[in-house]
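> Supplied in structure tokens, the structure appears directly below.
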Amino acid sequence: MIEQLDQMQQAALAELGSINTLEALRAWRQRYLGKQSPLGEISKGMGKLSAAERPAMGQRINAVKQLLEQAFAACETELQTAAQAAELARDQVDVTMPGRPVQSGRLHPITQVLREIEAAFAQMGFGVWESPEVESDEYNFELLNIPANHPSRDMWDTFYVQTPQGADQVVLRTHTSPGQLHAMRYFAPGPTRVILPGKCYRYEAVDATHDMQFYQVEGIAVGDNITMADLKGTLAQFAEQVLGTVKIRFRPSYFPFTEPSVEVDVSCTFCQGSGCRMCKHTGWLEILGAGMIHPTVLRNAGYDPEKMSGFAFGLGPGRVLQLKYGVSESRLFFTGNVRFLEQF
Amino acid sequence: MRVPLSWLKEYVDLPVSPEALAQQLTLAGLEVEAIDYVGVAAPSDSPWAPDLTSPEPPEFIPWDPERILVGELLEVKQHPNADRLTIPVVGYGDGRSIEVVTGAPNIRPGMQGDKVVLALGGARLIDGHAATRQWITLKPSKLRGVRSEGMVCSELELGLSEEHEGILMLPPDAPVGMPLRDYLGDIVFDIALTTNLSRALSIVGVAREVAAITGGQLHLPTPHAHATGPSIEGRVTTAIETPELCSRMTLGLIEGIQVGPSPIWMQRRLLLAGMRPISNVVDVSNYVMLEWGQPTHAFDADRVTDQHLIVRLAEEGERLLTLDKQERILSHERLLIADRRGALSVAGVMGGYESEVSSTTTRVLLEAASWNPITIRKTAQALRLPSEASRRFERGVDPELPPLVQQRCLQLMQQVAGGTVAQGIVDVYPQPFVPPVLDLTATEVERLLGVQLSPQAIAACLDRLGFTTMITGSSVHVHVPSYRLDVTIPADLVEEVARIYGYHNVPETRLRAELPVQYTDTMLAGEGVVKDILAASGLYEVISYSLTNTQAVEAWEGRAIDATDYLHLANPLTTERSILRRSIAPELLQIAAADLNQRPTIRLFETGRVFEPNPPELLPKELRRLVIVLAGPRAQAAWLGPDTDLLDFFDLKGIIENLLARLRIEGVEWTRVEDSRFHPGRSARLKAHQGDPSQPLGICGELHPDTRNRIGFTVGRVCLAGLDLDALLALRQPVHFQPLHNQPAVFQDLAVIAPVEVEAARIQQVIATHAGPLLESILLFDQYSGAPIPPGQRSLAFRLTFRAADRTLSDSDVNKIRERIAQRLSSELGATVRGEA
């Protein structure tokens, strides 16, 4: 019986070596380990053995069985691995072929930069407001200390809307500054701290850098003891947040609705202040106008200018785009040109 | 304001370089936009250095000090071979001389001793004979057989002007042999002045600022004319009928003058400052205006009837021929200087032709007055006559200047035109200037600047600028000088303190003031959310012009529009942008059509305001709108299996459905719409169940082929949705959290066969109504027509998902519902459910 077993084991292992499909492997198992297998037959013959021989024989049979089972498992794993590898090979692609296109949209660069600006000021406690685009002369000029027939009116080339004979003048707002009045009149005599982004209009022929329509962000903070130093700190933080590491500087300037008034420059974002063509070799780029709100404007808004003070600024997202990304042609903003839009 | 350095230096010492001065002026609010180097080489590190390497010469060129010199005509010979050419022999010092050949008409044989500009070989000049402005490097050459060793130069060749008729003649005292750079070279600051800086519209005014900023010593003379003539008293008189518009009138008289060209030095300065020389008398008037900031006007005294000037308002329709020989018809508002016979000049704006100083004038009556700024501005605008004079008057001129500039003008006129100055001036000054007095406290400075300064420090800043100060305790008592009419309130003084103290010394601090209670503008925030959803749906955001035109609107509308429906600009720049939009669609469609020339597919949206007239209110309603435009193939041909069908109604509807879902707006009804702008079978109106049912949310569809043609689309389908964003945002619902149930869902597919006229939404509505509370969702997933479905009918397949919160649904639960739905579909719509009898 033992020879029988040895022969059978050798035959089985020899046969296993030539098996290369899972079906054949299963048939092999049936043949050598199934009920009808020689091993089964041998097991059945156990009864004929003496009680003394039986344990040894039993152990021997089990050993063979275990050996064949292990051989089966190893072969099965090997075949499965090979089958999977073959499957994966069949599934191979040329990875240099282009991917499936995704239809992805985008926000207008002005919307994108407005959000950055809004976020920067939100961190400093500024709410976001809107005000009308079509304004009365009163809000656009008079209340902002820009009386009719004052030479400072020349600072704004204005679109007027046709109104009936004898009626007050209506303008397309030339700046977001009328929003100052709307916001302050809401909050006065309490403190105000808001920014007002929006579309503005100027009677200005369109060329590469001028447009009859543009965006502006007005900012105002009114309260107890708000100073020029606060304005400087606020704008420095804004510049840092939106433009990265830059320095700012103030130059005296003039706006009828602020006193003192300043023009604000940032260190050149292209040459980091060492001087280049963009900054005309000065190391500085103009970014916005600002100042302490004029007492007359505060009074018009319902504040006592002796008790409350505040600052105001007006900055252009278009200018920020220019300083941030070198967008040199603002006239592309409103053309809807996809080749422009898809760059942002 | 253009400021020649040589002129400025007459009034103030400059302790710094011109470039450093420019920097300091800019930081003090007088923005130096450019420095022109006239004949002088720029330092290489100057930001304003001209580009000398470019083929086109800059406006001003440097003059080689070795090769461009003051020369003297020693002799002028006739050219032997050409009538039009002469051969000047030009000396240039130390006994040196050369012969040059010239065709200049103002060089004639026999001339001797005249001073000219001589350029030697190797000098780099502007080519006077080239058609375009270009460089030439001078080389000795032969002209008609005679060797020319150099050149006598015209203004054009030196880059001084366009003048090339003759060569530039220098004054007789020009030092022979001196480099022209040292004789005529100058540096000119071009300063951009904000409206408040009227005080700096003069050399003296800039000098005051320079002195304050740099600490350089100011030298302001008190001009005094050498008056030897009979007293003006009683010989010249004036009457001011409108003292509120003319607060001061001064008159001076000079007799026996000879009108002619002004001297070179004066012409040079006028040119560098941007004014054209005219004649000695006029040039003096302009020169003094540039120098002191006070315009004056010279009348030919012999043309003033009775030597009596009247300041009065014009008669309505009164006529005056002005200097520019234009007949002006004046309204009653115009302020005039007149004599008894009629108008002589428009006060402060422009002189009259009749009383103008001419070549034969011998007696000049000089007027220097203070005019009301508003009157001057209105007049200059009405007559379209902005001038150097009106620019100064409308910004405000120092009321103490008129007598001073009388002396200066008379002094200079005598110097350049001869004559005798009458003693004294007429000065009518009913309400003399009283210096405003302001009190500025250290507290106020700190309150506005955030900088603690002592009263002494504050006073020191102001003193430098010419204010008179006196310290009392913590307060500074300030007398405002007459040339600082812009300073009227303490905040103005704070600015002056800041300018001198320096903004770079102001620290950067954080806001410590109390914050207001903030609130979120939910509509503005909502618009942002909509933009995000649409961008995530694959759309590009566009921002177009709010100004449009009738044609664009009519191309969209397909009919003539009613002009009264629109706000019109009173002063459009172009007819293309002359009305305010009432819809975003016309402009966005134009953009879409243009973009389709660049890309095969466009998916665009815009949100923004439209403007609706709102009479009798003058201001319009500003309404928030959204427009979406889609056109072109859904995808580009791709190796992965293309979906290149044209984008259609359902692409657009999908985007809107997603938008509505994300905004949690339920129950929006889509109904077919008859609108001539749209494809009649592929357009729908959107209505909300909530809110005002008469107000649709918008319209959505494919454009009618006629609309496409009118706008110029060549693509087969263009889809457009126009939505009322205000209404949409108002319908937003907050999230209502639904607990997640673990009970399994049961699915039922329902194939409903119904006449094609029965809209899917109707069928779905019946299903939803009768499916009961266990229905979780319903999805239309297939449409089929053709055998075995009878003609005129279609099968719509719905997948219904049922779920109960508390138990597993059984087949019988769902079968009962299914039966009920089938019955209702049959009874209400005549539809059958496949598999149900």
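The values are calculated or read from the model by the stated rules, or taken from the named source; none is laboratory data. Note that the structure is predicted; figures quoted are calculated from it, not measured. Cβ placement follows ideal geometry from the backbone for every residue including glycine, while neighbour counts extend to all protein chains displayed. Quick note on the areas: whole protein, heavy atoms, side chains included, nothing else; ligands and nucleic acids left out. Shrake-Rupley method; radii C 1.70, N 1.55, O 1.52, S 1.80 Å.
> Applying the Karplus parametrisation 6.51 cos²θ - 1.76 cosθ + 1.60 with θ = phi - 60° to the phi angles of the range A:190-205, what ³J(HN,Hα) value in whole Hz is obtained for each residue in order, glycine and proline being reported as x?
Result, rounded to whole Hz: x, x, 10, 8, 9, 10, 10, x, x, 7, 10, 9, 9, 6, 9, 5.
> Using only atoms on other chains, find how many Cβ atoms lie within 10 Å of each Cβ of peptide A:217-229 and report the average.
If you average over the peptide's residues, the count of other-chain Cβ atoms is 5.
> Over the C-alpha atoms of the range A:2-90, what are the Rg and the largest Cα-to-Cα span, Dmax, in Å?
When restricted to Cα atoms, the range A:2-90 yields Rg and Dmax of 15.7, 58 Å.
> Further question on the same structure: Using just the helices of chain B, give the 222 nm mean residue ellipticity in deg cm²/dmol: DSSP H runs with n ≥ 4 each add -39,500 (n - 2.57), and the total is spread over all residues, rounded to 500. Kindly include the intermediate steps, with their values, before the conclusion.
On the way: 20 runs with 210 residues, N = 837.
The per-residue figure over chain B is -7500 deg cm²/dmol.
> Using only alpha carbons, build the gyration tensor for the protein assembly as shown and give me the equivalent ellipsoid semi-axes, biggest first, whole Å.
Square roots of five times the eigenvalues give 84, 41, 32 Å.
> Rounded to a whole number, what % of the accessible area of the range B:746-833 do carbon and sulfur atoms account for, probe 1.4 Å? Please list the in-between numbers first.
Working: 2400 of 4760 Å².
Heavy-atom surface of the range B:746-833 belonging to carbon and sulfur, 1.4 Å probe: 50 percent.
> If you don't mind, there's one more thing I want to ask. Could you name the lysines in cross-link range of A:Lys44, using Cα to Cα under 23 Å and dropping any fewer than eight places away on the same chain?
Cα-Cα hits under 23 Å: A:Lys35, A:Lys65.
> Out of the total accessible area of chain A (probe 1.4 Å, heavy atoms of protein only), what percent is carbon and sulfur? Each step should come with its number before you reach the end.
Values: 7690 of 15500 Å².
Ligands and nucleic acids excluded, carbon and sulfur give 50 percent.
> Working from the pairwise distances between different alpha carbons, so that the mean of 1/r is found and then inverted, what is the range A:109-341's Kirkwood radius in Å? Show your work: numbers first, answer last.
On the way: mean 1/r = 0.0547 Å⁻¹.
This gives a value of 18.3 Å.
> Near A:Asn20, within a Cβ-to-Cβ distance under 14 Å, what is the net charge of the other residues, with Lys and Arg +1 and Asp and Glu -1? Spell out each step's value before the answer.
On the way: positive: A:Arg26; negative: A:Glu15, A:Glu23, A:Glu76, A:Glu78.
So the environment of A:Asn20 carries a net charge of -3.
> Follow-up. Per residue, how large is the accessible surface of the protein assembly as shown? Use a 1.4 angstrom probe and give square angstrom.
On the way: 52820 Å² over 1181 residues.
Per residue, the protein assembly as shown has an accessible area of 45 Å².
> Name the helices (complete DSSP H segments) of chain A with a Cα length along the long axis of 24 Å or more and a Kyte-Doolittle mean of at least -1.0, or state none.
Membrane-span-like by this rule: A:53-90.
> Relative to the longest principal axis of the C-alpha atoms of chain B, give the angle of the C-alpha long axis of helix B:203-214, reported between 0 and 90° and rounded to the nearest 10°.
Taking Cα atoms only, the helix is inclined about 70 degrees.
> Something else now. Among B:Arg341, A:Arg331, what's the order by accessible area (1.4 angstrom probe), most exposed first?
On the way: B:Arg341 185, A:Arg331 100 Å².
Correct descending sequence by accessible area is B:Arg341, A:Arg331.
> Just how much of B:Glu356 is accessible, in Å², when a 1.4 Å probe is used and the result is rounded to the nearest 10?
60 Å²
> Skipping prolines and chain starts, which residues have an amide H placed within reach, meaning under 5 Å, of the one on B:Ile240, given they are 5 or more residues away or on another chain?
For B:Ile240, the qualifying residues are B:Val311.
> In the protein assembly as shown, with Lys and Arg counted as +1 and Asp and Glu as -1 at Cβ, which of these residues, B:Gly450, A:Pro101, A:Ile248, has the Cα nearest the positive end of the dipole, that is, farthest along it?
Of the candidates, A:Pro101 comes out farthest on the positive side.
> On a 1.4 Å probe surface of the protein chains, which of B:Glu367, B:Glu444, A:Glu142 comes out largest in accessible area, and what is the full order?
A:Glu142, B:Glu444, B:Glu367
> Quick one: net charge around B:Gly121, please, counting Lys, Arg +1 and Asp, Glu -1 for every other residue with C-beta under 14 Å from its C-beta. The partial results should precede the final answer.
Working: positive: B:Arg67, B:Arg96, B:Arg124, B:Lys139, B:Lys142, B:Arg147; negative: B:Asp64, B:Glu66, B:Glu99, B:Glu149.
Once positives and negatives cancel, what remains is +2.
> With a 4.7 Å Cβ cut-off, tell me which Cys residues in chain A come up empty for a partner.
Lone cysteines by the Cβ rule: A:Cys75, A:Cys200.
> For chain B, take the longest principal axis of its alpha carbons; what is the angle in degrees between that and the long axis of helix B:490-501, to the nearest 10 within 0 to 90?
Computed tilt is about 70 degrees.
> Assigning unit charges at the beta carbon (Lys, Arg +1; Asp, Glu -1) and nothing else, what dipole magnitude in debye, to the nearest 20, does the range A:195-283 show about its Cα centre?
Computed charge dipole of the range A:195-283: roughly 340 debye.
> Still on this structure, I have one more. Please work out whether the range B:522-731 counts as rounded, prolate or oblate from its C-alpha gyration tensor, where a ≥ b ≥ c are the square roots of the eigenvalues and a/c under 1.5 means rounded, while otherwise a/b larger than b/c means prolate and anything else oblate?
oblate
> Would you compute the Debye intensity of the range B:194-317 from its alpha-carbon atoms alone, equal scatterers and no solvent, and pass along log10 I(q)/I(0) at q = 0.14, 0.16, 0.21 Å⁻¹ to two decimals?
Values returned for q = 0.14, 0.16, 0.21 Å⁻¹ are -0.88, -1.08, -1.34.
> Would you work out the charge dipole size for the range A:236-344 about its Cα centre, treating the Cβ of every Lys and Arg as +1 and the Cβ of every Asp and Glu as -1, and quote it to the nearest 20 debye?
Result for the range A:236-344 is approximately 300 debye, rounded to the nearest 20.
> While we're here: Let me have the 222 nm mean residue ellipticity of chain A computed from DSSP H runs of 4+ only, each contributing -39500 (n - 2.57), with the sum over all residues rounded to the nearest 500. Walk me through the numbers on the way to the answer.
Numbers: 11 runs with 137 residues, N = 344.
The helix contribution divided over chain A gives -12500 deg cm²/dmol.
> Summarise the partner chain shielding of A:157-163 as one whole number: the mean count of Cβ atoms from other chains within 10 Å of each residue's Cβ.
Across A:157-163, the average partner-chain Cβ count within 10 Å equals 6.
> So for chain B: antiparallel DSSP bridges make up what percent, rounded to the nearest 5?
Around 95 percent of the beta bridges assigned by DSSP in chain B are antiparallel ones.
> A further question on this structure: Which entries in A:Lys199/A:Lys232; A:Lys232/A:Lys307; B:Lys687/B:Lys816; A:Lys232/B:Lys378 show an alpha-carbon gap greater than 30 Å?
B:Lys687/B:Lys816; A:Lys232/B:Lys378
> Report the accessible surface area buried between chains B and A, summing both sides, using a 1.4 Å probe on protein heavy atoms only, in Å² rounded to the nearest 100.
Counting protein atoms only, the buried area is about 8100 Å².
> Give me the inter-chain shielding for B:635-644: mean count of other chain Cβ atoms within 10 Å, whole number please.
Working: counts 3, 1, 0, 5, 4, 5, 1, 0, 0, 0.
Mean shielding by partner chains, rounded to a whole number: 2.
> Hey, got the dipole for chain B? About the Cα centre, +1 on K and R Cβ, -1 on D and E Cβ, debye to the nearest 20?
1500 debye
> When Lys and Arg each count +1 and Asp and Glu each count -1, what net charge do the other residues less than 9 Å away from B:Tyr503, Cβ to Cβ, add up to?
Values: positive: A:Lys232, A:Arg249, A:Arg251, B:Arg499; negative: none.
Residues close to B:Tyr503 contribute a combined charge of +4.
> Same structure, new question: List every residue whose amide H lies under 5 Å from the amide H of B:Lys621, counting only residues 5 or more places away in sequence or on a different chain, with H placed 1.01 Å from N in the peptide plane.
Result for B:Lys621 returns B:Glu612, B:Asn614.
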